[in-house]
Structure formats: C-alpha cells, structure tokens
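To keep things clear, I will list the structure first and then write my remarks on it.
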Amino acid sequence: MSNQIDPLLELAATMRAAGAGWKAIAAAVGRDEDTVQHWPKRFPVQWARYHRAARRHLLGDSYGDSITTLRLLMRSEDDRAKLAASTVVAKLQHEQDKLDVLQESRSTARPIAAKQQELSTDGQQIAAVLDGMSMEQMQEMCVRVGQAIAVANAGKALKPAEPSDGEPPSDAKEQASNGEE
C-alpha cells in the first residue's frame, strides 16, 4: 500500500466508524464512491486497524458523556432515577475493577514473555500457552495439576527421615552395600 492512500484510508475508516455514508466519505477523500466502498475488502488489515481505533475513540468520548449524564441523574430529585443511575455506575465500576486486575496480571507477565528467547523450546511452548490464558484458566489448570500430583503421591509411602546423627536410614545402608541407589 502506498503512503499516499494510507491517510485517506484512515480518514475514510474514521468517518465510517462515526456513521458517515460512502458518498460523504468519497467527497472527503476525493475518490469515487464505488472505490471507497471497496477499501474495506481491498485493504482489510489497514481498514480494520483504523476503524477499530476510531471506534475506540468514539466510544471513549461517548463513555465520558454517559458518565456525566449518570452523575447528573444520581443527583436527581427522582429516587428511581438516582437508584437506576447509581446501579449502572456501580456495575461499571465493578467491571472496570475486573479489567484493572486483568491488566495488572498481564502487565506482570510481560517481562516473562520478553525473556522467552532464553527458554528451551518446551519452555517457550509453555510460556506461549500461559500467555494466552486468562487468570481463571490458569487457576483451573493449577487446581488440576495439584489434583494430579495428589493422586500420584497418594500411593507412595512416606520415606523415613534421616537420623539426627547424620547416618542414613538402615535401608539406605543396605542399598549402598548392594550397589543400589
């Protein structure tokens, strides 16, 4: 893709995300309407990137407006409006808290991902799997691994502790005299 079309694609995707029609977009970028209608299919990666960024920006602006409206409603004389607005704000805060925890868990995992070059091939595969998992999935996996270890250890007898004088247990002495370890 040439550098000349890139700013036009960005403008077109931004306008489209804001709800502009193809005719208005074509006029803004100085291209034929039929041409700009095909840009999403002709340049799918770039279009998706610009369109997604524009939607995020628009949603961010709308989110700010929504919070302002909810805060005004929370100060309303109408008790039902206050309750409804307060409930929405509380739910939004709860969801934001969950996102913050997820973000923190992923940001602390990033240094590990950056060091994957130092890992063995098996280590790289394990790190890649873990990096793609949610916190809940990791916790579930840890529980399952713990259960598997418990089952594997359930049939094993506990080995006796070494005597305090530093001498190995008597069965270890027998194994050593027989050449076993």
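Read-outs: derived from the displayed coordinates by stated rules, not from any lab. Worth saying up front: this structure is predicted, and the values here are computed from it rather than measured. Glycine also receives a Cβ, built like all others from the backbone with ideal geometry; neighbour counts cover every protein chain displayed.
Given points 7 Å out from each Cα along the Cα-Cβ axis, report the Arg75 to Asn3 separation in nanometres with one decimal.
Output for this residue pair reads 5.0 nm.
I'd like the GluC sites (Glu not before Pro) in region 4-92 restricted to DSSP loop residues with at most 15 other Cβ atoms within 10 Å, sorted by number.
For GluC sites (Glu not before Pro) across region 4-92 that sit outside H, G, I, E and B with at most 15 neighbouring Cβ atoms in 10 Å, the list reads Glu77.
What size of dipole, in debye to the nearest 20, comes out for region 16-73 about its Cα centre when the only charges are +1 on Lys and Arg C-beta atoms and -1 on Asp and Glu C-beta atoms?
240 debye
Would region 5-119 count as rounded, prolate or oblate if I go by the C-alpha gyration tensor, calling it rounded below 1.5 in a/c and otherwise prolate when a/b exceeds b/c, oblate otherwise?
In terms of gyration-tensor shape, oblate.
Among the lysines in region 5-119, how many pairs, 8 or more places apart or on different chains, have alpha carbons under 30 Å apart?
Taking region 5-119 as the scope, the lysine pair count is 4.
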